[in-house]
1. Say whether the condition of being over 18 Å from Y193 (Cβ atoms) and small (G, A, S) is met by at least one residue in the range 54-75.
2. Any residue that is closer than 21 Å to R196 by Cβ and acidic (D, E) - is there at least one of those in the range 89-100?
3. Which of (1) closer than 28 Å to D195 by Cβ; (2) surrounded by fewer than 19 Cβ atoms within 10 Å (Cβ to Cβ); (3) without any contact (Cβ under 8 Å) to a residue 60 or more places away in the chain is the odd one out, the single condition V134 does not satisfy?
4. Within the range 26-42, identify whether any single residue is of a type in the set (V, I, T) and in contact with a Pro (Cβ under 9 Å, 6 or more places away or on another chain), and answer yes or no.
Amino acid sequence: MTPTPDSPERVQRLAVRAMQVVLLVLFGYTLATVRLGLALGVGFSLFVTLLPALVRREYDYSMDPPLVLWVTLSVFLHTVGSLGPYDWFGWYDSVTHTVSAVLIAGIGYVTLRTFEEHSDEIDVPGEFRAVFIVVFVLAAGVFWELLEFASGVLATELGASQPLAVRGVSDIVNDLVFNTLGAVLLAAFGTGYLDRPVRYARSLLE
């Protein structure tokens, strides 16, 4: 069935295309201005937004438009933020962490449910799935904070600019709080959108 011009699916696809165009323009700009560190980050983000299309072509699996939009929005917000908004707006970092945490929580949930449905030996009660999602996101958040710190130390030793911003303990606590918020939002409202990815992931194990 072809989406109508004003259907949610068409709007979501147009939003994805618009963000991809912006990332492509930013990639060209950062290359032209010889900002190679930023160009690498923008290029990687653009590649991530193209993964759903690559999966569809290589494995004949189409992700739901809302999921594609969320993946694209997550990397788009982070990439744009690295160009200035992280420093300009105090709330921007909180928004990006919440959006990214929902995506990370989804990855954790799909992984858990895939192995749970694939193996008869794994049976996780529903309430513990929510706990797992939160713990998974917090663990990913701690790993990211350690990565930021390590990159800062390495950059200092090499006399280079820091690729990831390190803003102190209060910023780390704030990041983890909004990571938790994103995990709770996914656990409370978003798991229903992940049934198809779970079924597809399970089929890959069979």
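1. Of the range 54-75, the ones over 18 Å from Y193 (Cβ atoms) are 54, 57-60, 75.
Retained after the next criterion (residues that are small (G, A, S)): none.
The answer is no, given that none of the residues of the range 54-75 is over 18 Å from Y193 (Cβ atoms) and small (G, A, S).
2. Among the residues of the range 89-100, not one is closer than 21 Å to R196 by Cβ and acidic (D, E), which makes the answer no.
3. Only one criterion is unmet by V134, namely (2).
4. Residues of the range 26-42 that are of a type in the set (V, I, T), as a first pass: 30, 33-34, 42.
Checking which are in contact with a Pro (Cβ under 9 Å, 6 or more places away or on another chain) leaves us with none.
Checked the range 26-42: no residue is of a type in the set (V, I, T) and in contact with a Pro (Cβ under 9 Å, 6 or more places away or on another chain).
Let's see how each residue does on (1) surrounded by 15 or more Cβ atoms within 10 Å (Cβ to Cβ); (2) closer than 25 Å to V173 by Cβ:
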residue: S7; (1), (2): no, no
residue: L40; (1), (2): no, no
residue: F47; (1), (2): no, no
residue: L51; (1), (2): no, no
residue: R56; (1), (2): no, no
residue: M63; (1), (2): yes, no
residue: P66; (1), (2): no, no
residue: G90; (1), (2): no, yes
residue: H97; (1), (2): yes, yes
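Each value in this text was obtained by applying a stated rule to the coordinates, not by laboratory testing. All figures in this text were calculated on a predicted structure; none of them were measured in a lab. Note that each Cβ is placed from the backbone with ideal geometry, even for glycine, and that neighbours are counted across all protein chains shown.
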